[in-house]
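Here's the structure we're looking at; comments come further down.
None of the figures in this text is laboratory data; all of them are computed from the coordinates on show. Bear in mind that the values here come from a model prediction, so they are computed numbers and not experimental data. Note: ideal-geometry Cβ built from the backbone for every residue, glycine included; neighbour counts use all protein chains shown.
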């Protein structure tokens, strides 16, 4: 006996109360549908607005020239984002994956839970607090000035907890029997981890790395006071040399009162969105194929 | 106990995470200590953020060398942060509950993955792009059609942008929970003659109440720490508490972002240290909220396991 | 298991090495050019002029690469002191306390600029509103809240003023524009001088609906977006302000006249301090006495640390700054931003200071 019996048009409502319930239910569904529309609608609008203005600003020059004051191209910003994310990941991946391995294999004790808890606290730290910390400690006190290293370290602190958590979850999914079989065959611990478990969880770890990359590309607040800004390509110095990055263009150029700057801001936003959405859609589709949802 | 170099090296890598966190906390505490001493309890209740006479000579007040007339109060920013986050939660709750219910029950099984993917994607849009969209689309909209003074920058815009950013957090948490409600509860409600909507609202929703609250608190934690989007649309208020939903506001995070440079004009450095104290306040608030969220969500899991 | 083969440790190691090699190649090819990089940050008022100067200077001196950013004069001063940037652009000279703490810092005027008070009053037409320091102080302290307040009406007889609340827009970042604007208010209004005083960042009195903006460009956008608003905007943004439909106010001088910021009026203000300018060139020409002297005019400073970390940077700085105060002061650059060139006497003083950079 299902609810449709009471909504069946061939069978009239038994009472005023049932009619009222039916109407309220229909209104409820319409309201919920509207709610879904209100959640997804702005996403479509954001992607549409950014794509429309961003693509309108595309030209060959965009990818081959650097910014010059408030106009020009995005080459320095693209290269800078790439460099900062690369070095941020180079710092974060060993630490995050190593922590994930420790937590999943040997972390079922109090040390493990403390590390997990503090890692979660670090996730909840506002990114501007990390940027402030890095500015005072690395940029001014240690005297590195605006630099790639300060920016990379700040980003790494931001993304390491995510890497650790995802690596731990991915490693947990590898069956215990595989470990036991490897130990039974006489493998040492490093061999078990690196040759058996990690390859088995490789796709999960890659997922974590890609998601961390997506976060790095879109971050702004931790970089404003650490990377500075440069109109030129990175010249290889890790300290005492500011670096440009795409999100800076979005944050500052939209405020300049001329159309070329606005065009650059939207173009930068489009590039950032492209990378972030591509990574996230790819990752989530792969996850769904592996786990039926 | 045998020394295991492999485990030790992994452990030392793992310990870098708590080390980084402790470094940040210790830094905030130590660096803001003079400011805490100077500002006292009036810090959180004071409305005026006064850097003092930057072009006069510093004086000694209450034992500290500060610019003449310096007085740091952050009530405006605490109010801005709490108000914008709570209004964002008020907007986000009905939207996310409605969206989650619709996705869980009213959408055909084959379309659900696509739509829930779209909802998840809203959460990964970078904050600065939300701010860009806010400046380009939302602010003119609110300024022209809604705001009585024609001013689009303000508490309403900041709250709307925040609401859009945190809705997916609540919606996806709730959707997962709804999908896991045991079939028997749904079917027995249908058996009693409830309409489909009543099954959801009266039989399923109460079961996921704790998870919902956990998701809401988690979203609140995210909203409190948001920087870029809010900085771009909130209107930058100083020294005045918001009087209406259209008033310009400043949040703690956007204030730190925009003021770090001008705080350095203070030759006594007390302004920069007061900013560290603000950062400490924000850190404590978000820590408390996130800890609460963790307690609620982990508690909910225990409840469900017992029932199933 | 194919994925695991692809992602085995040795492959990961190889791609890591490849990435590092790529980075090293990029680095070495860039450093092969061995250009000196200078970073300029600070005043948004000076920013448009720097963006005109840098391409022209780099065309003649390709070995010097200059990055320009606009963060506000407060940041320009602070970051130059910390050597985070080589050139701190500022509309405000350094305070005595900062000079005392950092005796190596130089305040070098590069040009003469001014600031306008713009407003967004629909329906006013081509009339310029007459405003004085006390009126502006009243608006920004909340004592004058309506456009048709009697003080504004008294200064503008015959002008139809709307019965609407004034939306006062101020800068939130550390701003040289705030410095010169509040100096005008302090010099002309004793009550402002004793309460709010002046500086690159001041504690703005609580005014309902007041908006905080970032940078001169933020001031233009905020004023354009809000009818019945008033904002203080540097003259280098005059074209954008006009395009946004903002009006320019005639400000009351120290001698009681109402003038617009024109080359004559700004020149008169500058002329009044030429002989008084000390060797460290820190002086204010706000609210200057003199016939038709525009009340908000100022030297645009480059805040430079006389001790540079290496000789190449110092030489590059000297080359650029000397170029700026001579060739850079040509009408083809200054006319685009409504600035005035330095008088010869000041140019000599600036060059003397530039020579101190080592």
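Points to keep in mind about this one:
- The ranking of B:30, A:46, C:304 from fewest to most other beta carbons within 10 Å of each one's beta carbon is B:30, A:46, C:304.
- Between B:227, B:286, B:243, the GNM of chain B built on Cα springs shorter than 10 angstrom shows B:243 fluctuating the most.
- Centre separation in Å (Cα based) which lies between region A:130-178 and region A:46-101: 19 Å
- As a rough footprinting exposure proxy, the listed residues A:226, C:265 were ranked by other beta carbons within 10 Å of their own, and the order from fewest upward is C:265, A:226.
- Two-site FRET efficiency, residue A:111 against residue A:260, from Cβ-Cβ distance with R₀ of 51 Å, rounded to 0.05: 0.40
- Expected 222 nm ellipticity per residue - DSSP helices of 4 or more, -39500 (n - 2.57), all of chain B, to 500: -21000 deg cm²/dmol
- Residue among A:15, A:203, A:230 with the largest mean-square fluctuation in a Gaussian network model of chain A, springs linking Cα atoms under 10 Å: A:15
- Taken residue by residue and averaged, Cβ atoms of other chains lying within 10 Å of the Cβ of B:5-11 number 6.
- Angle in degrees between helix C:176-188 and the longest Cα principal axis of chain C, rounded to the nearest 10: 20 degrees
- For region C:115-272, the relative contact order is 36 percent, taking Cα pairs closer than 8 Å that sit 6 or more residues apart in sequence and dividing their mean separation by the residue count.
- Theoretical gain in end-to-end length, residue B:7 to residue B:30 [0.36 nm per residue, Cα-Cα removed]: 5.0 nm
- Mean separation of Cα contacts under 8 Å, 6 or more apart, over the residue count of region C:288-358: relative contact order %: 42 percent
- Virtual spin-label span in nm between residue C:243 and residue A:142, 7 Å along Cα→Cβ: 4.3 nm
- Once you reduce region C:337-358 and region C:302-330 to the center of their Cα atoms, the two points are 11 Å from each other.
- Cα gyration tensor category, rounded, prolate or oblate, for chain A with a/c compared to 1.5: oblate
- For the protein assembly as shown, the share of DSSP beta bridges that are antiparallel, to the nearest 5, is 65%.
- Separation between Cα centres of region B:37-91 and region B:277-296, rounded to whole Å: 20 Å
- Of all DSSP beta bridges in chain C, antiparallel share, percent nearest 5: 60 percent
- For chain C, the relative contact order is 24 percent, taking Cα pairs closer than 8 Å that sit 6 or more residues apart in sequence and dividing their mean separation by the residue count.
- Here's the picture: a label point sits 7 Å out from the Cα of residue A:56 along the beta-carbon direction, and within region B:128-163 the residues with their amide nitrogen under 13 Å of it are B:136-137.
- Choice from B:195, B:251, B:297 showing the highest fluctuation, given a GNM over chain B with Cα pairs closer than 10 Å: B:195
- R0 of 22 Å, Cβ-Cβ distance residue B:41-residue B:68: FRET efficiency to nearest 0.05: 0.50
- What the Cβ-Cβ distance of residue B:180 and residue A:65 gives, at R0 = 51 Å and to the nearest 0.05, is a FRET efficiency of 0.45.
- Label-to-label distance, residue C:163 versus residue B:145, with points set 7 angstrom from Cα along the beta-carbon direction: 3.0 nm.
- Residue exposure proxy: C:49, A:211, A:287, ordered by other Cβ atoms within 10 angstrom of their Cβ from fewest to most, comes out as A:287, A:211, C:49.
- The slack between residue C:289 and residue C:348, meaning 0.36 nm per residue of separation minus the straight C-alpha distance, is 18.8 nm.
- Anisotropy class of region B:40-115 from Cα gyration tensor, a/c 1.5 cut: prolate
- In terms of its C-alpha gyration tensor, region C:115-272 comes out rounded, because the ratio a/c of the largest to the smallest axis stays below 1.5.
- Mean ellipticity per residue at 222 nm, deg cm²/dmol - from DSSP H runs of n ≥ 4 across chain C, formula -39500 (n - 2.57): -12000 deg cm²/dmol
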